[in-house]
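Take a look at the structure below.
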Amino acid sequence: MCGIIGYTGINEAVKKVTQGLEILEYRGYDSVGICASVGGKLEIVKTKGRVSELNKLLANEPIQNDLCAIGHTRWATHGAPSYVNSHPHMVGKTCLVHNGIIENYKEIKSRLENEGVNFVSDTDTEVGCGLINYYYEKTNEPYEAILSASDKMRGSYAFAIMFSDEENTIYAIRQGSPLIIAKGQDGFYLASDLTALIPFTKEYYSLCEGEVVKLAGNKAEIYQKGEPQWKRTDMTYEMAKKGGYDHFMLKEMYEQPKAIENSLSSRIKDGLPDFSVDGMDKSFFEEIKAIHIVACGSAMHAGLVASHLIEKLAFVPTRVYIASEYRYTPPLTIDDTLVVVVSQSGETADSLASLRYAKEKGFKTLGIVNAVETTIAKEADYRAYTYAGPEIAVATTKGYATQVSLMSLFAICLAYNKGKIDTNTAKDLTTCLFSHAPKALGEVLERRDEVKEIAKLIYERDDIFYIGRGIDYQMSQEASLKLKEISYIHSQAYAAGELKHGTISLIECGTPVIAIATEEKLFDKIDSNVKEVRARGAYTILICDGEMENAQECADKVFILPKSSYIGNIFSSLAVAQLIAYEVARLRGCDIDKPKNLAKSVTVE
Ligand code: G6P
């Protein structure tokens, strides 16, 4: 949520910063700006809109001799997208870009206004800038000023700061929002996300909470700690590019079979699930008596599928919580309850707050995270990375698929270690997951043309319903979210049997209802539910297992899933739903990788 990047070094600061901003755009894209240090002066260029707009401005009036710059791409919270509200903000000698929210900004603002400070924007950021400047003018000490200001601010923030009287120098601090610094051959970088730094360097350090860093000349210095402990990433620039696909979302969908294999392979030994690589041994699993899965958005939906499998296989009571609600629920059981926080980015504010809440209450915690070294991964007692690789499209695909695959393996492991399934069953299930899931998903992706035909039938509708039972209901919640977030069609997922208790009144002539039926024992019931809506005029689409009898007669349009298994079907039906969302959004001319109003990494509560 909001992207920050900075560079100080030997050349082309503006070019590097704008290149990084293009990669960071998935974090927010309603306004953008940069500040460059040029000949002892700070120059700011900013605009409402995307990086392409900024590039046009810079092409008309290029900034020359730029050795140091900071940049920002915004997802508006305080104040609508506009020139004045866009970052960088400058007050007195201080200029900065910000990610996060300063919760007590109103109180700070009125104090500073009483001191004669004049604010021009509606943002909390400008107030943070004013506060740092207030202390800077008093002390002339950047470190002191940043720390004193940070002491007074509540909320989450990552700041990249430049002072007009300190040439080619960037200071930064983070509290609750991510910030990475990196060392290149040509100078030092910082960004809110490692992916933005991959074109430039692989050596990075992820700042700890409250650390203040100074980047200048040939030195990166962390106050009171000295030189950072650099690490190396094995991410490549290729991973962060579209690679010939029209959209990142499409590329990431096609990367799913490999990503699923990556998420599972290091956790299977002798055909059995084994999480010892993540520090979770037999006794870890034996002790678990209950599970809370806490997450937001698609990660929460992945938790729903996982909870179904955990209860079905391991008989461990599992509750899924929306992270923004978790803290308002009294902790009913603590002893031997594992709290699993699921997050692709590892930085989602509500998920992080839930993790901290769970730890405070004495729960054992596990973070299931994709982006390595992120806050949730670092703060959880245990962590298991999903290894999906960088995900750029705002709508998650491979992130979700790897969360489901990893948690499915976790469910098998739990069931096995608790003696609920024997070795042969555990091996069979593990094989099904490892071989059927990627295969079935890949086979559906090869049938994209069939899905294009389905998309043509429904893309002009205003409302679409997904229905399913059991695991298909859990999966259909993700299917529906995917569709609405990128196509802007109102869509809802319903438990197939529940639709008639009210919501069926919304079915009109031609309303598309997409039913998912992958479980043999539920075929008849789903068939009846499809008939109920069909009788009321719905245009019905059935996505089903090939074993469903007379499937072709059950609905107006039928997609038969490739022959697979119970577990394989979870992933193949997911792929159909992802493709439906993608093709519908494409036909509607939507901005698929950057849907309106959204951001990928939501670092505000
Ligand atoms: C945002 C994204 C969703 C994502 C959710 C949770 O809303 O648009 O795609 O599922 O955040 O993100 P996380 O990084 O915690 O998985």
* Asked: On average over all directions, what projected area in square nanometres does segment 8-83 have, based on the convex hull of its Cα atoms?
  -> 4.9
* **the chain: translational diffusion in µm²/s, Stokes-Einstein, Kirkwood Rh over Cα pairs, 20 °C, 1.002 mPa s** => 85
* Sort 195-202, 391-398, 552-559 for me by packing, meaning the mean count of neighbouring Cβ atoms within 10 Å per residue, highest on top. => 391-398, 195-202, 552-559
* Normalised by the residues of segment 267-341, what does the relative contact order come to in percent, with Cα pairs under 8 Å and at least six apart? -> 37
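Within the set Lys282/Lys600; Lys242/Lys484; Lys251/Lys500; Lys251/Lys361, which residue pairs have Cα atoms separated by over 31 Å?
In this structure, Lys282/Lys600; Lys251/Lys500; Lys251/Lys361 lie more than 31 Å apart at Cα.
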* To do: Give the calculated FRET efficiency between Ser266 and Tyr328 to the nearest 0.05, with a Förster radius of 56 Å applied to their Cβ-Cβ distance.
  => 0.95
* With a 10 Å Cβ neighbour count serving as the proxy for reagent exposure, in which order, fewest first, do Leu338, Leu57 appear? -> Leu57, Leu338
* Asked: In terms of the Cα gyration tensor, with a ≥ b ≥ c the square roots of its eigenvalues, is segment 171-237 rounded because a/c is under 1.5, prolate because a/b exceeds b/c, or oblate?
  -> oblate
* Structure fact -> Fewest-first ordering of His308, His501 by Cβ atoms within 10 Å yields His501, His308
* Over segment 3-239, equivalent-ellipsoid semi-axes from the Cα gyration tensor in Å -> 25, 20, 17
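Working out 0.36 nm times the residue gap between Lys231 and Asp591, then minus their Cα-Cα distance, what length gain in nm do you get to one decimal?
Working: separation 360, 0.36 × 360 = 129.60 nm, distance 3.55 nm.
Contour length minus Cα-Cα distance gives 126.0 nm.
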* Asked: Using the alpha-carbon centroid of each, what span in Å lies between segment 146-197 and segment 520-562?
  -> 55
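Rule-based calculations on the coordinates, nothing more; no lab input. Remember, predicted model here, so these are calculated numbers, not experimental data. Glycine also receives a Cβ, built like all others from the backbone with ideal geometry; neighbour counts cover every protein chain displayed.
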